[in-house]
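Here the structure comes first, spelled out in structure tokens, and everything after it is commentary.
The values are calculated or read from the model by the stated rules, or taken from the named source; none is laboratory data. What you see is a predicted model, and the numbers here were worked out from it, not measured in a lab. Cβ placement follows ideal geometry from the backbone for every residue including glycine, while neighbour counts extend to all protein chains displayed. Remember, those area values only see protein heavy atoms, side chains included, never the ligands or the DNA or RNA. Shrake-Rupley method; radii C 1.70, N 1.55, O 1.52, S 1.80 Å.
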Amino acid sequence: MQKPFTREGFPAKVGPVPFLGLSLLSQTGMSFVQQGLVVLGVFFVMAYHLNFTELGFITTALSLGVMVSMVFVGVAVDRVGPRMVLFWGALLMAGFSALLLSVRGYAGLLVVLFLVGVSLAIAPSAGTKAVFTAFLGRPRGLVMGIRQTGVPLGAAISAALLPRLVPAWGLPPIFVLFAAELLISGWAFAAVMKSWRTTNPRTVRVHLNRGHWTQLLRPALVAFLLVSGQYILLTYSIADLHQDHRMSLAMAGIVLASSQIGGGVGRIVMGHFSDRMSGRRAPVVAFAATLGACSALVVALLPGTAPVWILFLIWTVFGFGAVGWNALALTWAGESVPSAHSGFAMSLTGTIVFLGSAIFPPIFGVIVDSTHHFADGWWMLSLILGIAAVIAWRSTETHS
């Protein structure tokens, strides 16, 4: 197997390092918007006088949009290649993001967020397939981990910046920024791809046998459960830290950013270790799920007087497990089927991930609204992540 960053035989207009860097830029740009809109939820709460359940539906609207389109985008990527899909998709993402400027009420916000989500499926589907294919014959766990670090990196940037920028600028300039950076980052990555297609697009069909579907079910189910941690952490951390720990919104955003940085480090470190374990993804995903479940339990037990440095430490470790699993699960899914259908498999798993991200945050919000305690929601999250850990560990035993 070739070393991951050897230039020889690399199928792109640039070498593997700048290719991966632009892939990371594209994913970070998409995440800055998609995750940033979730971070902005606390400002939507104030603007539209929402409760915590309604705050959860902001995440749901975005996630449902991504979920609806991701499989179709994945099939399109398999047929015509990621370059064409990302080039035109960047225009679509920027256009729908600009529609946020026209929103005047909560119902209209949910509709536009759904449309933004539909378009945002393009960047991860095209980018994941591009990296997965370009690094064929090379260790994929590390490079996929680096690429997927763009998700928590974009979330960290948005968590650190947006709570400071919105009070100073207002929301409309933020929406213009979203549209501009989606266009620039998408086109920059598309420009270095070669126009390739794995087979004749007229003959591409999804032909997976029963064994392939069984293999794909495991990472898909684990990912569905694990995404609860990623999006509940993102949606409710600022509100919890502000209400129960008396933090300012700006400081709470920085604590949330630390969790996303922890998640980014987790994606790289765990991807590297899965490569060192001969490409065995399930045991490393199981470790991430276990760490996330334990972290949610700790957060549920935290007193309101916990020192700030303790909160930073806990949220960083929480992010390492609850956010760090994503790249491994997608790689696990892509490697469960023939390579010609890897884009479909990863996009299907991505769709299931966004289904989970649409379902779990409102449930968390209902629990908090009903009990008036964030701790009860964190208890629920710990249970969900614990179930994911058990399934992943059992998958490890199946492959041993």
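Peptides 329-335, 172-178, 18-24 ranked from most to least packed by the mean count of surrounding Cβ atoms within 10 Å: 329-335, 18-24, 172-178.
Computed from label points 7 Å out along Cα-Cβ, the spacing between Phe72 and Thr6 is 4.2 nm.
Could you work out the pair-distance distribution P(r) of the chain from its alpha-carbon pairs, with 10 angstrom bin width and percents rounded to whole numbers? Per 10 Å bin, starting at 0, the Cα pair percentages come out as 5, 25, 35, 24, 9, 1, 0. Note: relative contact order over the chain, using C-alpha pairs below 8 Å and six or more positions apart, is 27 percent. With only the Cα atoms considered, region 98-140 has a convex hull volume of 64 Å³ per residue.
Inter-part distance, region 239-262 to region 280-330, computed on C-alpha centroids, equals 15 Å.
Rounded to the nearest 500, what is the 222 nm mean residue ellipticity of the chain from helices alone, with -39500 (n - 2.57) per DSSP H run of 4+ residues and division by all residues? The helix-only estimate for the chain comes to -27500 deg cm²/dmol at 222 nm. Percent of Cα pairs in region 259-400 per distance bin of 5 Å, from zero to the largest separation: 2, 10, 15, 21, 21, 14, 8, 5, 3, 1, 0. Between region 140-173 and region 356-400, the alpha-carbon centres lie 24 Å apart.
Exposed loop sites, defined as trypsin sites (Lys or Arg not before Pro) outside DSSP H, G, I, E and B with at most 15 other Cβ atoms within 10 Å, are absent from the longest region of the chain, namely 247-400. Across region 347-392, Cα-Cα pairs more than 18 Å apart make up 39 percent of the total. Give the carbon-plus-sulfur fraction of the accessible surface of the chain in %, rounded to a whole number; probe 1.4 Å, heavy atoms of protein chains only. Carbon and sulfur together cover 71 percent of it. Quotient of the Cα radius of gyration of region 317-381 and 2.2 N^0.38 Å, N being its number of residues: 1.46.
Of the peptides 369-381, 299-311, the ranking by mean beta-carbon count within 10 Å, highest at the top, reads 369-381, 299-311.
The local environment of Asn51, defined by Cβ-Cβ distances under 15 Å, has a net charge of -3 under the rule Lys, Arg +1 and Asp, Glu -1. Taking Cα atoms only, the orientation of helix 106-120 departs from the longest principal axis of the chain by about 20 degrees. Its relative contact order, with pairs defined as Cα atoms under 8 Å and 6+ residues apart, puts region 1-140 at 38 percent.
If the segment from Trp213 to His373 were pulled out straight at 0.36 nm per residue, it would be longer than the present Cα-Cα gap by 53.5 nm. Ordering 37-46, 228-237, 55-64 by mean Cβ neighbour count within 10 Å, with the highest value first, yields 228-237, 55-64, 37-46. Relative to the first principal axis of the alpha-carbon coordinates of the chain, what is the inclination of helix 282-301, with its axis defined by its Cα atoms, in degrees from 0 to 90 and to the nearest 10? The angle comes out near 0 degrees. Hydrodynamic radius of region 1-128 by the Kirkwood approach over all distinct alpha-carbon pairs: 16.0 Å. For region 117-189, the spread of Cα positions along the three principal axes, ordered from largest to smallest, is 49, 21, 20 Å.
Once you divide the Cα radius of gyration of region 221-337 by 2.2 N^0.38 Å, the number left is 1.10. In the context of the full set of protein chains, residues of the chain present 38 Å² of accessible surface per residue (probe radius 1.4 Å, heavy atoms only).
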